[in-house]
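Here the structure is laid out as structure tokens; the discussion comes afterwards.
The values are calculated or read from the model by the stated rules, or taken from the named source; none is laboratory data. This is a predicted model, so every value here is computed, not measured. Here Cβ is always computed from backbone atoms with ideal geometry, including for glycine, and neighbour counts include all displayed protein chains.
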């Protein structure tokens, strides 16, 4: 019985993914034309291309991930190097957990008031970058910690035996050893960033024009899809085309994560 | 230098928490506390009863979790116990893909295929939320089931136990991992906003299977850009509530990052 | 060895910090060549459409953010925008605090799904539908299909205008779906057989033109057309405003000039709104 139910669910899930893919492709195809990726949106996004959106997306997501890695990697290193089973580190652990669990919309609310309003950055790519970086940092820290801890403990022992300092061990041995998993974590965060709508909607805004500075508003692809669905009358068809592109981007990122993790992440 | 950079991520989380608490407290100065317990969420009428929204969030999450348990457990059991390696690989790819899809894409799909069947309703919301969490749950379950020593399964089979007993023994052994996966799924479902917003109907009322429902998160995303004054304050209280819910759930059971060093 | 590594780490770290500094302060926020407009989602399409022609004439960036009218007003008071967009009349108290510029008229249309045979509806029927006294189209001589009443989220002007017209209080309204912005209302109406909704007329005409399955019905015997809104015969109409904290000068007055120019009026007409005479 379990076998049958399991078989049905597995095929259901596989079918669902294929269905979604085909659905996006078929519905999206009507809005797709030669040059879709290279033209600016026209008519409030209902026609034209998505070139400017792709620029904003790349800008926001890349800079946010870079900014977040900048803080997260040191955090993860210090965490793995110095943590003991003390009250302080347990508190840190809880804080990180809360950060990972914090919903995007709550970060959006936070960024929307603090960066957009209080720091007067306005609805801008900069506000979006900082908010997204805040959102991604706990995810990155946790992922990095797991990656650093997964390195062979024997490696550290060998380095100690060879008389290497802690930093030398870390810099020359542990970090290189953990590199594939660190990169996979960063790519995963990039994927999260590309897919985010709730946090960026209220910080980076919904402008579809080409950003000329970090103080301009710019919609990422996911925000663009959401905007087409909720604000632009008759935007559903265009939303499908943009969503199809987003689907493809996500597939590519997923493939990159698998590649970065080495073959057979789940196969052992 | 390194330490000061490292301090930023946890500090931002603390800042977020403090911000929510401070804003909620200042909102309480504008909204009488009794008003929060009213069974009505109607900002233009100055009623900010969070009860209905809280019930909405909890109901959607619970229903999604039941669906996830059904699909996820059976899938992972089948994949670990019976499926051929090729099948496992295909399923892994499918689950990975589904899990990586952004909520707008899932929401868009659900809007086109689920809403015509169930309307803008609690059922649609639960199904959509389940779609968001099934992949992660299943993948985590599979890796938990894989931790079960192979000889346990061999012994059970040698005893000639039925399939059901076999599954139960293995689940019993992997239960910690399964619970952990479930908790993670629950916290994702609690915080999901965009996908559910597109299909839920967003009316604050008692849950009905085919009636519209509003949750804490859908209310936030729907009203944040129009809210002013006390309404805006009330939304901060909603955000704080979601955070508290998620924190409670994830503190209940969390993966061990702190390890005894060797 | 140790000092070498330390310096390496410091090198990387300071480089990284520099990047953040550049990111944060590199380009000063240039507010001289941009106009920020927030507020009513009904006004959003007008400004978005005007953007193209306006930026061609002037080197000014228009940043538009759709929200609600009251939010637009609050943003204006707080100095967070150059113009707040409002899709309802201001209260006397509000009007005293800002500069008010009417830019167009808009009708609020009553829409149903395209398959609905309903041709006309009265304000009284609407009132009863939104009170859930009428719950099935068969009660109005239509097919046996439950009525799905679509309402706007609190904070949107359309809700206020509708409540005032239909003589409903917020407590009385019992809807089946709540939607935020106009496009969402339209999408739900077009995807739901039994739907009834009230929404900015211009956007419905546009949506129907691109083949979405919904239609406008007569209200109190008056045809829901732009002409009827222009002649003030259509009962459910409103004025759209831009408001500003200080008397507009420079860029801001350029935008107002553009909207009242012949080109601006054409754009407003193209969006199925009624330009000021």
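Structure above, values below:
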| quantity | calculated |
| --- | --- |
| Failed criterion for residue C:73 (all others in (1) within 9 Å of the chain's Cα centre (by Cα); (2) part of a helix (DSSP H, G or I) hold) | (1) |
| Test for residue B:143: is it modelled with pLDDT under 95, within 30 Å of residue B:27 (Cα to Cα) and part of a helix (DSSP H, G or I) | no |
| Entirely in the range B:1-94, the helices (runs of 4 or more DSSP H) that have 1 or more residues that are within 12 Å of another protein chain (Cβ to nearest Cβ) and surrounded by 14 or more Cβ atoms within 10 Å (Cβ to Cβ) | B:2-30, B:51-81 |
| Of all residues making up the range A:6-40, the number that are over 18 Å from residue B:92 (Cα atoms) and more than 27 Å from the chain's Cα centre (by Cα) | 3 |
| Filter result (crowded, with 23+ Cβ neighbours inside 10 Å and closer than 22 Å to residue C:256 by Cα) within the range C:89-116 | C:103, C:104, C:106, C:107 |
| Entirely in the range A:1-120, the helices (runs of 4 or more DSSP H) that have 2 or more residues that are closer than 16 Å to residue A:219 by Cα | A:51-82, A:104-111 |
| Subset of the range A:209-238 [over 25 Å from residue A:134 (Cβ atoms) and outside any loop (DSSP other than H, G, I, E, B)] | A:228, A:229, A:236, A:237, A:238 |
| Search result, residues across the range B:146-161 that are farther than 29 Å from residue B:94 by Cβ and in a loop (DSSP other than H, G, I, E, B) | B:159, B:160, B:161 |
| Flag for residue B:240 being within 11 Å of chain A (Cβ to nearest Cβ), surrounded by 20 or more Cβ atoms within 10 Å (Cβ to Cβ) and part of a helix (DSSP H, G or I) | yes |
| Criterion violated by residue A:206 - all others in (1) within 11 Å of chain B (Cβ to nearest Cβ); (2) in contact with a strand residue (DSSP E or B) (Cβ under 8 Å, 6 or more places away or on another chain); (3) assigned to a helix (DSSP H, G or I) satisfied | (3) |
| Residue in the range C:101-118 that is farthest from residue C:190 (Cα to Cα), counting only those that are in a loop (DSSP other than H, G, I, E, B) and touching a strand residue (DSSP E or B) at 6+ places or on another chain (Cβ under 6 Å) | C:118 |
| Restricting the range C:24-51 to residues that are assigned to a helix (DSSP H, G or I) and either within 14 Å of chain B (Cβ to nearest Cβ) or in contact with a strand residue (DSSP E or B) (Cβ under 8 Å, 6 or more places away or on another chain) (or both), the residue that is modelled with the lowest pLDDT | C:24 |
| Selection count, the range A:80-119, where residues are modelled with pLDDT under 85, within 8 Å of another protein chain (Cβ to nearest Cβ) and touching a helix residue (DSSP H, G or I) at 6+ places or on another chain (Cβ under 9 Å) | 1 |
| Among the candidates C:259, C:216, residue that is outside any loop (DSSP other than H, G, I, E, B), surrounded by 22 or more Cβ atoms within 10 Å (Cβ to Cβ) and within 19 Å of the chain's Cα centre (by Cα) | C:259 |
| Residues (assigned to a strand (DSSP E or B) and surrounded by 16 or more Cβ atoms within 10 Å (Cβ to Cβ)) located in the range C:119-158 | C:121, C:148, C:149, C:150, C:151, C:152 |
| Candidates C:102, C:117, filtered to the one that is more than 14 Å from chain B (Cβ to nearest Cβ) and under 25 Å from residue B:115 (Cα atoms) | C:117 |
| Selection within the range C:221-240 - surrounded by fewer than 17 Cβ atoms within 10 Å (Cβ to Cβ) and outside any strand (DSSP E or B) | C:221, C:223, C:227, C:231, C:232, C:233, C:235 |
| Output for the range C:52-70, where each listed residue is in a loop (DSSP other than H, G, I, E, B) and over 21 Å from residue C:266 (Cβ atoms) | C:59, C:68 |
| Filter result (surrounded by fewer than 21 Cβ atoms within 10 Å (Cβ to Cβ) and either facing another protein chain (nearest Cβ under 8 Å) or within 21 Å of residue B:180 (Cα to Cα) (or both)) within the range B:99-126 | B:99, B:112, B:113, B:116 |
| Meets criteria (over 23 Å from the mean Cα position of the chain (by Cα) and within 13 Å of chain B (Cβ to nearest Cβ)) for residue A:156 | yes |
| Of residues in the range B:164-184 being in contact (Cβ under 8 Å) with a residue 24 or more places away in the chain and farther than 30 Å from residue A:100 by Cβ, the one farthest from the other protein chains (Cβ to nearest Cβ) | B:166 |
| Any hit, the range A:249-267, residues being within 29 Å of residue B:112 (Cβ to Cβ), within 12 Å of chain B (Cβ to nearest Cβ) and out of contact with any helix residue (DSSP H, G or I) (no Cβ under 8 Å at 6 or more places or on another chain) | yes |
| The range B:205-224: number of residues that are buried (at least 24 other Cβ atoms within 10 Å of the Cβ) and within 11 Å of chain C (Cβ to nearest Cβ) | 9 |
| Exclusive hit being touching a strand residue (DSSP E or B) at 6+ places or on another chain (Cβ under 8 Å) and closer than 20 Å to residue A:195 by Cβ, set B:129, B:94, B:110, B:125 | B:125 |
| Selection within the range C:159-172 - assigned to a loop (DSSP other than H, G, I, E, B) and within 9 Å of chain B (Cβ to nearest Cβ) | C:169, C:170, C:171 |
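Residues checked against (1) at pLDDT 90 or above; (2) in a strand (DSSP E or B); (3) not assigned by TED's automatic domain parsing to the domain that holds residue C:148:
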position	(1), (2), (3)
C:174	no, no, no
C:187	no, no, no
C:197	yes, yes, no
C:207	no, no, no
C:242	yes, yes, yes
C:248	no, no, yes
